[in-house]
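Student: Attaching a single structure in structure tokens format; questions to follow.
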Amino acid sequence: MAMKTLIIINDPPYGTEKAYNAMRIANQLGKDYKNEIDVRIFLMADASLCAVAGQQTPDGYYNLERMLKLSVAKGAKVKICGTCAKARGIADNTFIKGAELSTMAELAEWIADSDQVMTF
């Protein structure tokens, strides 16, 4: 049975490097331990903006949308706090494919069920 790792991100996609570093870890785990670790990512607060589709960053800058898509392609599950997204006026149809709105109850379930929890 695969180990379950939950990465909770709170910071916005740009302005700090916390979301970027969280995604670097998620993608490295997905690359090196795809069959041994189930990666789950929960976006809260301003991190809910990380999953918005259509981000356009200048050449040479990281792009959180692309990093999340890579995680999804590697098998990660991505959930977004519905209350946080609603508070920021983000419609659920603006998220990348593979990311979905969620609840605090589901986050609590993921925390209880995870072998490791990291927060950024």
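Student: Going by what's in this entry, would A45 be described as small (G, A, S), under 22 Å from I111 (Cα atoms), buried (at least 20 other Cβ atoms within 10 Å of the Cβ) and in contact with a helix residue (DSSP H, G or I) (Cβ under 8 Å, 6 or more places away or on another chain)?
Tutor: no
Student: Now, a different point. Being at pLDDT 95 or above, under 13 Å from the mean Cα position of the chain (by Cα) and part of a loop (DSSP other than H, G, I, E, B) is true for just one of G75, G54. Which residue is that?
Tutor: Of G75, G54, the one residue that is at pLDDT 95 or above, under 13 Å from the mean Cα position of the chain (by Cα) and part of a loop (DSSP other than H, G, I, E, B) is G75.
Student: Out of all the residues in the range 33-51, which are of a type in the set (A, V, I, L, M, F, W, C) and assigned to a helix (DSSP H, G or I)?
Tutor: Selection gives A45, A47, L49, C50, A51.
The values are calculated or read from the model by the stated rules, or taken from the named source; none is laboratory data. Because the structure is a prediction, the values reported are computed rather than measured. Here Cβ is always computed from backbone atoms with ideal geometry, including for glycine, and neighbour counts include all displayed protein chains.
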